[in-house]
Amino acid sequence: MKLSKLIVGFLTIGACQSNMNKKEIHLQSLPESKQDSTQDTYFGKQISDPYRWLENDTAPEVMQWVKNQNDATANYLAQIDNREALKKRLTEIWNFAKYSAPTKEGDYYYFYKNDGLQNQSVLYRTKDLNAYQDAEVFIDPNKFSEDGTISLASLSFSKDHKFAAVGIAKSGSDWNEIFVMNVATKTKTTDNINWVKFSGATWLGNGFFYSRYDAPAKGKDFSNQNEYMKIYYHALGSDQNKDELIYEDKEHPLRYFNAGITEDERFLFINISEGTSGNEVWVKDLKSSTFNQAALTLLCKGFENNFDVVGNDGDKILVRTDLQAPKYKLVAIDPKKPAIQNWTSIIPESEHLLESVVIANQSHLIASFLVDASTRLKHFDIQGNLIRNIDLPGIGTIGIGGTKKGENIVSYNFVSFTEPGKIRLYNLTNGTQTDWLKTLKYPFSTENFETKQVFYTSKDGSKVPLFIMHKKGIQLDGTNPTLLYGYGGFNISLTPSFSISRLAFMEQGGVYAIANLRGGGEYGEEWHKAGMLNKKQNVFDDFIAAAEFLIQEKYTSNKHLAIHGGSNGGLLVGACMTQRADLFAVAIPAVGVLDMLRYHKFTIGWGWAVEYGSSENKEQFEYLLKYSPLHNVKKDLKYPATLIMTADHDDRVVPAHSFKFAATLQATKFAKESPILIRIDTKAGHGAGKPTTKLIEDAADMYGFILHHTK
């Protein structure tokens, strides 16, 4: 499908303007941020923290600071050429139907659909997969709020499929509320659960397990450190205050606990972690007796390795683990003989990362492998014998929807940099595949864009993958506006994905690059560990080397290069812009971890200490201080044009990180010449569940800012 000449002409207005012809933007005086004499002493070293007062985000003076900053930023962004045109184009190309892969629950197939510009996707159900266009609405979260800021966070069905536990999140917060629906009538019951975090509902019998914290102090919902997570069991029809406490640990306040049940309800397992890496698994065979905490058996000892319970094969529990297998393997463990020497290998470690395993129809395994950051699928029997490789539509990323007992079809969603979503149905018996949706149309064309993967050399000689996307036929003359994106942490892999906003940027002549940095999970645990703790600088070196590669190959130059990352990626951007301010024209640190000395004191920040280290440890304090973005800002240095992005309801990485970083940068000598702005979204959180209207506004502001300063 070709874009019309009218649209192409509309998109390229200003694209060929030189910097000399670029509209001059007036930057009004930046809001003042008072400084005080707050200091902390770390192992005999005095560290100033003059903007500590900004950590109290509900204080009237902080709320006024936020308003002043947002006013200044809005004034600046409103003057950017083509920002409104970009927003209009984003709205046009966002407007197409988007589906999730269907999953079977009872008599129904359930799937999510967004008609195009709906703020939240709607959950539909149908008894006939071929009649998906006539499916009925099961839950429409757009009816939960007028502005679309309440989203579905979790969904699970009771074993008899009479009830569904529905988790919702408000304004992007990690706090969830769970209510129960009668599946037949689609009406709510009286059950209501509050103060749930990082947990859905795990059904057993006439109720479900869930994890929660005690209610936080009033006014501190989004900043107080979360401690003493507990697991409760809720019986249908009862009040939450009568729920049975199932599991707690009074000696370890900073541990996470979650309950799981195998599909046949044979085993209950408790997953325990002390952070984002490493866990421990305890198990109870429900066949022998009812559950109590003392009856648990240690299945996998923590916390040096990762253990992912996939399910069970009769008396054996299947676990994906990196123990003695950095690229992961699948093993079968007998809970009566859980010692490592008794484990049976099902899918041994190979040269490629075993990313996930799903049990299908009780006796099949669908395994996902990563090969240079893209997915491959293999079909095994339950004993680990390879049945076949599953042919995929191309180089991309797969999301698998497993099957229950008696279901012979596995659905999966394939996406790539140029494919918004191809949903396929795979037959376990004969390996045939069919496309579920055959009539989807898009208000854009991707045929004029190309993607390549290259490998560049980092500072220490390591080879790092880099995806590069752009229009076909661009000139490598060093003048292309280019956006380099990265993450590099927490064992998270950046694999091919489709982005509407990225497409709009490339339509404007932009080059988009994604670096698979160390610290991620693309090549297993060794790749991850090469970018964590005292090796975190490797991540920043990898990102800087990617920027230098793009310049060396004449995709761009330092006058046309922007960098972007969110959360841990916000830390990445903050560290790189303070270490190599000369290398970038624009920096966009979003919801970033920017104060590495105090991050662990807020909400669940303590859980990241296994990844970063803690300033309460002398050795770790020393290396954290060396790269902490907040503590490495130099007053006399000119920094890239910077748009810091955060949100008022972010209780994952609290906005104080961004507030203090913005105030510190704005106090530097050249802050008015190279604008330092902060955009603080309201009724939004770390990113999950954000309504479409806000996503479009975010993208228009960010890409408008980038294009203005890189063209």
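Placing +1 on the Cβ of every Lys and Arg and -1 on the Cβ of every Asp and Glu, with no other charges, gives the chain a dipole of roughly 1200 debye about its Cα centre.
What is the antiparallel percent of DSSP beta bridges lying wholly in region 463-563, to the nearest 5? In region 463-563, DSSP labels about 35 percent of beta bridges as antiparallel.
Sort 105-112, 332-339, 703-710 by the packing proxy (mean of other Cβ within 10 Å over each peptide's residues), most packed first.
Numbers: 105-112: 19.4, 332-339: 15.2, 703-710: 24.6.
The packing order, highest mean first, is 703-710, 105-112, 332-339.
Net charge around residue 235, counting only other residues with Cβ within less than 14 Å of its Cβ (Lys, Arg = +1; Asp, Glu = -1)? Net local charge, residue 235 excluded: -3.
The amide H of residue 353, built 1.01 Å from its N in the peptide plane, has 370 as neighbours under 5 Å, considering only residues 5 or more places off or on other chains.
So which of 67/197; 104/162; 287/336; 162/186; 104/690; 536/634 end up more than 18 Å apart by C-alpha? Correct reply: 67/197; 104/690; 536/634. Taken one residue at a time, the phi angles of region 386-397 give Karplus couplings (6.51, -1.76, 1.60, θ = phi - 60°) of 5, 8, 5, 7, 9, 5, 10, x, x, 8, x, 10 Hz. Gly and Pro are set to x. Scoring 147-154, 68-75 by mean Cβ neighbours within 10 Å over their residues and listing the highest first yields 147-154, 68-75. Straight-line cross-link partners of residue 559 among the aspartates and glutamates, defined as a Cα under 19 Å from its Cα and at least 8 positions apart when in the same chain: 24, 81, 477, 548, 582, 673. Under 5 Å from the amide H of residue 196 lie the amide H atoms of 176, each residue being 5 or more positions distant or on a separate chain, with H modelled from the backbone and absent for Pro and chain starts.
The peptide list 376-386, 589-599, 206-216, put in order of mean Cβ contacts within 10 Å with the highest first, becomes 589-599, 206-216, 376-386. Taking amide hydrogens as placed 1.01 Å from N in the peptide plane, the amide H of residue 346 sits under 5 Å from those of 330, 331, 332, each at least 5 positions away in sequence or on another chain. For the chain, the pair-distance distribution built from all alpha carbon pairs, in bins 20 Å wide starting at 0, is 16, 52, 30, 2 percent.
Placing +1 on each Lys and Arg Cβ and -1 on each Asp and Glu Cβ, with no other charges, gives region 350-439 a dipole about its Cα centre of roughly 260 debye.
Grab the DSSP H runs of the chain that are 4 residues or longer, score each as -39,500 (n - 2.57), total them, divide by all residues and round the 222 nm result to the nearest 500 deg cm²/dmol. Before the final figure, lay out each step's value.
Values: 11 runs with 123 residues, N = 711.
Per the formula, -5500 deg cm²/dmol.
Within a straight-line Cα-Cα reach of under 15 Å, residue 230 can be paired with the following aspartates and glutamates, leaving aside sequence neighbours fewer than 8 residues apart in one chain: 214, 243, 244, 248, 249, 251, 274.
Placing unit charges on each Cβ (+1 for Lys and Arg, -1 for Asp and Glu) gives the chain a dipole about its Cα centre, and among 276, 164, 493 the Cα reaching farthest toward its positive end belongs to 493. Each principal axis of region 98-347 carries a Cα extent, and these read 54, 49, 36 Å when sorted largest first.
Laboratory data are not the source of any read-out in this text; all were calculated from the coordinates shown. This structure is a prediction, so every number in the text was calculated from the model and none was measured. As a convention, Cβ positions derive from the backbone with ideal geometry for all residues, glycine included, and neighbour counts pool all protein chains shown.
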